[in-house]
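Engineer: Provided herewith is a single structure, encoded as structure tokens, for subsequent inquiry.
No lab work stands behind these numbers, since they all come straight from the coordinates. As the structure is a computational prediction, the values presented were derived from the model and not from experiment. Here the Cβ positions follow ideal geometry from the backbone for every residue, glycine too, while neighbour counts run over all protein chains shown.
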Amino acid sequence: MLEKIGLPNYQTISKADPIVLRCIAELRDRLADKNEFVFYEIGVGIGATTQAVAKLMDNLGQIYLFSRDKDVQELTRDLAGLGYTNVNSDWGSPPGVFAGYHFQLAMGFVEKKLPMFDLVYVDGGHIFHLDAPAACILKELCKPGGYMLFDDWGWSMAKSPSRNPDVRPQTLKEYDPQQIKVAHVKLVCNAIMDPDTRFQFHGLESGTAIYQRKA
Ligand SMILES: C[S@@+](CC[C@H](N)C(=O)[O-])C[C@H]1O[C@@H](n2cnc3c(N)ncnc32)[C@H](O)[C@@H]1O
């Protein structure tokens with residue numbers, strides 16, 4: 001999978017997110033034992049951010065990946081090949097249309113199998129029906145002082161070069177006009193994150209919404 005980084009068809013998902021890397025560096029600096037650090041990534045793409053995170057963490061602490069299972073397994077193998085063995089690949093999702101990380105997160109949470117995390121990078125489907133339940137569960141798994149980052153806050157299907165109805169007529173069958181127009185991640189933030197007084201909104205940076213759980 002990592003061999004795709006930088007190829008022409010993968011330019012938009014070939015760069016590691018700099019806000020993720022900065023928050024990890026900041027949070028790890030405060031830890032006496034870096035082995036306690038837990039990172040979740042929701043949506044792995046081709047592993048650009050995961051690879052950079054793995055390098056930064058240098059096998060100290062744990063990386064939990066939530067994405068389609070075939071991608072989680074391939075990326076975990078690639079990272080192991082580079083010597084990064086601190087990846088938990090137990091939480092990949094099956095390929096079903098309505099399957100996804102929201103469901104694995106809920107199952108892991110109710111079964112008490114998921115650890116509290118220091119930082120989550122939410123960069124999956126950017127669709128309300130996936131990311132709203134995911135955010136609800138993730139809020140409960142965030143350590144005090146930990147961060148929740150939501151990528152693509154302003155993204156909408158209408159603006160998307162690949163999802164807008166002009167290039168993908170199926171979008172009109174799957175979503176109503178309001179759902180196509182609205183920015184789903186922003187709606188998740190407004191409906192799920194902003195009313196929760198346990199979390200402080202630090203603002204938007206390069207389209208990423210930054211929330212921190214109060215200590
Ligand atoms: C934008 S890419 C992630 C890029 C990556 N975070 C990075 O920074 O390198 C979005 C990812 O979300 C995954 N995704 C979208 N919908 C999903 C679903 N229902 N279940 C699991 N993964 C999903 C896609 O397969 C893709 O891997």
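Engineer: Once every Cα of region 48-108 carries one equal point scatterer and solvent is ignored, give the base-10 log of I(q)/I(0) from the Debye formula at q = 0.26 Å⁻¹, two decimals.
Structural biologist: -1.04
Engineer: Follow-up. Which loop trypsin sites (Lys or Arg not before Pro) in region 110-188, with loop taken from DSSP, have no more than 16 other Cβ atoms within 10 angstrom of their Cβ?
Structural biologist: Details: sites: 112, 113, 139, 159, 163, 173, 181, 186; in loops: 112, 113, 159, 163.
Taking region 110-188 and a limit of 16 other Cβ atoms within 10 Å, the loop trypsin sites (Lys or Arg not before Pro) found are 112, 113, 159.
Engineer: For the chain, what are Rg and Dmax over the alpha carbons, in angstrom?
Structural biologist: 16.7, 53
Engineer: Find which of 60, 115, 88 sits farthest along the positive direction of the dipole of the chain, computed with +1 on the beta-carbon of Lys and Arg, -1 on that of Asp and Glu, about the Cα centre.
Structural biologist: After comparing all options, I get 115.
Engineer: Lysine pairs, Cα distance under 30 Å, 8 or more residues apart or cross-chain: how many in region 1-123?
Structural biologist: Close lysine pairs under the 30 Å cut-off: 15.
Engineer: Subtracting the Cα-Cα distance from 0.36 nm times the residue separation, let me have the gained length for residue 112 to residue 132 in nm, one decimal. Kindly include the intermediate steps, with their values, before the conclusion.
Structural biologist: On the way: separation 20, 0.36 × 20 = 7.20 nm, distance 2.02 nm.
Extending this stretch completely gives an extra 5.2 nm.
Engineer: If you don't mind, there's one more thing I want to ask. Region 1-82: which trypsin sites (Lys or Arg not before Pro) are DSSP loop and have at most 15 other beta-carbon atoms within 10 angstrom?
Structural biologist: Details: sites: 4, 15, 22, 28, 30, 34, 55, 68, 70, 77; in loops: 15, 30.
Hits after loop and neighbour filter: 15, 30.
Engineer: Return the whole-Å distance between the Cα centroid of region 27-75 and the Cα centroid of region 123-155.
Structural biologist: 16 Å
Engineer: Report the equivalent ellipsoid semi-axes for region 81-208 in whole Å, largest first, defined as the square roots of five times the eigenvalues of the gyration tensor built from alpha carbon atoms.
Structural biologist: On the way: eigenvalues 139, 74, 42 Å².
In descending order the semi-axes read 26, 19, 15 Å.
Engineer: If you don't mind, another one. Can you pull out the chymotrypsin sites (Phe, Trp or Tyr not before Pro) in region 56-101 that DSSP calls coil and that have at most 13 other Cβ atoms within 10 Å? Numbers along the way, then the final one.
Structural biologist: Numbers: sites: 64, 66, 84, 91, 98, 101; in loops: 84, 91, 98.
Here the chymotrypsin sites (Phe, Trp or Tyr not before Pro) that fit, given the DSSP loop and packing criteria, are 98.
Engineer: Determine the dipole magnitude for the chain: charges of +1 sit on the beta-carbon of Lys and Arg, -1 on that of Asp and Glu, nothing else is charged, the reference point is the Cα centre, and the result goes in debye to the nearest 20. Each step should come with its number before you reach the end.
Structural biologist: On the way: 23 positive and 26 negative charges, 41 e Å.
That gives a dipole near 200 debye.
Engineer: Further question: For the pair residue 204 and residue 173, what calculated FRET efficiency results from E = 1/(1 + (r/R0)^6), where r is the Cβ-Cβ distance and R0 = 35 Å, to the nearest 0.05? Display every interim value, and only then the final one.
Structural biologist: Values: r = 32 Å, r/R0 = 0.91.
About 0.65, to the nearest 0.05.
Engineer: Tell me which aspartates and glutamates have Cα within less than 13 Å of residue 139's Cα, excluding those fewer than 8 residues away on the same chain?
Structural biologist: Answer for residue 139, where 13 Å is the Cα cut-off: 118, 131, 194, 196, listed by chain and number.
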